[in-house]
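*Asks:* I have a structure I would like to understand better, so I am pasting it below and will then ask my questions one at a time.
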Amino acid sequence: MPGGVNSPVRAFRSVGGAPFFVKAARGATLITADDRELIDFVCTWGPAIHGHNHPRIKAAIAAALENGTSFGTPNPYEVEMAELIVKFFPSIQKVRMCNSGTEATMSAIRLARGFTKRDKIIKFSGCYHGHSDSLLIKAGSGALTHGNPDSAGVPASFARETVVLPYNNPAALAAAFAANPGQIACVIIEPYCGNVGFIIPDAGYLAYLREITAKHGALLIFDEVMTGFRIAKGGVQEREKIIPDLTCLGKIIGGGLPVGAFGGRADIMDCLAPLGPVYQAGTLSGNPLAMAAGIAALTLLEELNPYARLDALGRQLRDAVLAAAKAKGLPVQVPQCGSMFSIFFTATPVRDYATALTGDAKLFAKFFHACLERGVYLAPSAYEAGFISTAHEGAAIDRACEVFATAIRDL
Ligand SMILES: *Cc1c(COP(=O)(O)O)cnc(C)c1O
């Protein structure tokens, strides 16, 4: 296995040291191969909003397993899942299931291009939308007109169709639309960023984005793979009262199994095969086990409505970090909303990719290892969000606050 991992950030390259292996996970706790118990704030990179191995999700998968693992035909599980998604996301009139967040964003982009008959797309530096070619591109110096590939193997000719702009910057958006008249198929955004650490945009920014895309006939795609069902049941769009044209989902909706989905306006979604000319498909899409896990996760969220409680836990963590940093005289930014948070060691308020990079990554690495030694696992990178689950209530959060305070004191 290249680098010993099946997904690069697991390799600990940005914090140094060797990753640990996990043999089991329960609630808020990971159990490593050498029997250490860690309080987990990575939550399998977002999906585990109910903690690990929740009994209800486990039972749902076991019950589905009795009926078979894959049918390759329409099935009742996918209908129930579609009904749940449409219920919580009023902007989604029709939805298609797929197998990952990457598939969801890749397919939504193709659909936007097919629907508008335009080629160019706008994305924002620091926003991650999975690893498909058009989206694996961040800002180069000529960002306003042409993107530069972020990965070897992405042809420069593909990158030219992706315009990369700074996040949270209305003037840059206006300039990009003016420079590419009638050519922008869509704007794709993480409405709250979770992949350069956690960033909430300025008030009014998302509304401006909605307005300018509508004005220019470009579709607005909210990539809520991370924020969907996490910031609120209806994602950031519910909290900010913005109606995008298309939405991408993943992570939580799979209940820990591999799932993605994209959906939106019916007239746009009807351009997908078999109704329309935009092709998209999947052997395992709508897989019964994955649907059963996701249905259980979403139904639990509906029953528990844990969002106010999760926000209180998030504030408790944030306040502990802020207090410890203040006592130490160390500048820190702790953006937090609900169960998402980040710790940036910088005096600069973090509002985009450039300001996120002012965070001291070396200091973060030291902090990360100090926490890990004391049994608290944060994402092994200065530029990832932390996640809280409903299983973190009580002792796990109290312990994490103590560990964060000690780790900061000793930095
Ligand atoms: C995780 C993530 C993706 C990619 O999802 P995968 O299931 O890893 O392919 C896309 N967009 C956002 C915002 C994500 O957080």
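*Asks:* Hey, got a sec? Which GluC sites (Glu not before Pro) in the range 1-83 land in a DSSP loop and have at most 15 other Cβ atoms within 10 Å? The partial results should precede the final answer.
*Replies:* Working: sites: 37, 66, 78, 80, 83; in loops: 66.
Of the GluC sites (Glu not before Pro), the ones in loops of the range 1-83 whose Cβ has at most 15 other Cβ atoms within 10 Å are 66.
*Asks:* If you count the DSSP beta bridges with both ends in the chain, what percent of them are antiparallel, to the nearest 5?
*Replies:* If I count the DSSP bridges inside the chain, around 60 percent turn out antiparallel.
*Asks:* From largest accessible area down, sort 271, 193; use a 1.4 Å probe on the protein chains.
*Replies:* Most to least solvent-accessible, the answer reads 271, 193.
*Asks:* Report the equivalent ellipsoid semi-axes for the chain in whole Å, largest first, defined as the square roots of five times the eigenvalues of the gyration tensor built from alpha carbon atoms.
*Replies:* 32, 28, 19
*Asks:* Write down the accessible area per residue of the chain in Å², having rolled a 1.4 Å probe over the full set of protein chains.
*Replies:* 41
*Asks:* To the nearest 10 Å², what's residue 328's accessible area with a 1.4 Å probe?
*Replies:* Result for residue 328: roughly 80 Å² accessible.
*Asks:* How many angstrom lie between the Cα centre of the range 1-34 and the Cα centre of the range 342-372?
*Replies:* When both Cα centres are located, 21 Å separates them.
*Asks:* What list of ³J(HN,Hα) values in whole Hz, one per residue of the range 129-136 in order, does the Karplus curve 6.51 cos²θ - 1.76 cosθ + 1.60 (θ = phi - 60°) give from phi, with Gly and Pro shown as x?
*Replies:* Whole-Hz 3J(HN,Hα) from phi for the range 129-136: 10, x, 10, 7, 3, 5, 9, 8.
*Asks:* Name the residue from 156, 323, 186 whose Cα lies farthest towards the positive end of the charge dipole of the chain, charges +1 on Cβ of Lys and Arg and -1 on Cβ of Asp and Glu.
*Replies:* In the chain, that residue is 156.
*Asks:* Now for a different question. If one computes the Cα centroid of the range 150-181 and of the range 225-254, what distance in Å separates the two points?
*Replies:* After rounding, the separation between the Cα centres reads 24 Å.
*Asks:* Roughly how many whole Å is it from the C-alpha centroid of the range 395-411 to that of the range 49-72?
*Replies:* If we compute the Cα centre of each part, the gap is 35 Å.
*Asks:* Are there chymotrypsin sites (Phe, Trp or Tyr not before Pro) in the range 228-307 that DSSP puts in a loop and that have at most 15 other Cβ atoms within 10 Å, and which ones?
*Replies:* Working: sites: 229, 262, 279, 307; in loops: 229, 279.
Those satisfying the criteria are 279.
*Asks:* Placing +1 at every Lys and Arg Cβ and -1 at every Asp and Glu Cβ, with all other atoms neutral, what dipole size does the chain have around its Cα centre, in debye to the nearest 20?
*Replies:* That gives the chain a dipole magnitude of about 540 debye.
*Asks:* So, counting K/R as plus one and D/E as minus one, what does the shell of residues with Cβ under 14 Å around residue 264 add up to?
*Replies:* 0
*Asks:* For the range 362-378, take each phi angle, set θ = phi - 60°, evaluate the Karplus expression 6.51 cos²θ - 1.76 cosθ + 1.60, and give the result in whole Hz per residue in order, putting x for glycine and proline.
*Replies:* 5, 5, 4, 4, 5, 4, 4, 5, 5, 5, 4, 4, 9, x, 10, 9, 9
*Asks:* Counting only other residues whose beta carbon sits under 12 Å from that of residue 233, what net charge do I get with K and R as +1, D and E as -1? It would help to have the intermediate numbers written out before the result.
*Replies:* Numbers: positive: 87, 230, 239; negative: 224, 238, 302, 303.
Cβ neighbours under 12 Å give a net charge of -1.
The values are calculated or read from the model by the stated rules, or taken from the named source; none is laboratory data. Note that this is a predicted model, so its numbers are computed, not measured. Please note: Cβ atoms are built from the backbone with ideal geometry, for glycine as well, and neighbour counts cover all protein chains shown. The area values use the complete protein model at the heavy-atom level, side chains included, leaving out ligands, DNA and RNA. Shrake-Rupley method; radii C 1.70, N 1.55, O 1.52, S 1.80 Å.
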